[in-house]
Amino acid sequence: MAHGFSVGDHVGWNSEAGQVSGTITKVHTADFDYKGHRRRASPEEPQYEIKSDKTDHIAAHKGSALHLLDE
């Protein structure tokens, strides 16, 4: 299921530390390597790289884990 997020979108997701927010920096529509692991992605189910608002951490998530935040 495509969620339609784009580079520059401000999104939030749940982590072990609670609610986190950040900005999408890349959209992957094909399998890719991330932190030493192969991540599955397709045009129908892309994965997104997101830079955290509070740290320099980059996370990768499926669209189903994300929600759009109001600016």
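The values are calculated or read from the model by the stated rules, or taken from the named source; none is laboratory data. Since we're looking at a predicted model, the values are computed, not measured. Glycine gets a Cβ as well: all are built from the backbone with ideal geometry, and neighbour counts include every protein chain shown.
Here is how the numbers come out for the structure above:
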quantity	calculated
Neighbours by Cβ (under 9 Å, 6+ apart or cross-chain): first from region 55-71, touching a residue at least 24 places away in the same chain (Cβ under 8 Å); second among the hydrophobic types (A, V, I, L, M, F, W, C) and loosely packed, with under 14 Cβ neighbours inside 10 Å	Gly63/Met1; Gly63/Ala2; Ser64/Met1
Subset of region 34-62 that is among the aliphatic types (A, V, I, L, M) and closer than 14 Å to Ser15 by Cα - its residue that is surrounded by the fewest Cβ atoms within 10 Å (Cβ to Cβ)	Ile58
Number of positions in region 16-53 that are in a strand (DSSP E or B), without any contact (Cβ under 8 Å) to a residue 24 or more places away in the chain and closer than 16 Å to Ala65 by Cα	6
Selected residue (criterion: surrounded by the fewest Cβ atoms within 10 Å (Cβ to Cβ)) from residues of region 1-15 that are closer than 13 Å to His67 by Cα and touching a residue at least 60 places away in the same chain (Cβ under 8 Å)	Ala2
Residue in region 43-64 that is aromatic (Phe, Trp, Tyr) and at pLDDT below 95 present	no
Residues located in region 1-15, provided they are hydroxyl-bearing (Ser, Thr, Tyr) and in a loop (DSSP other than H, G, I, E, B)	Ser6
Condition met for Glu49 (over 12 Å from the mean Cα position of the chain (by Cα) and charged (D, E, K, R))	no
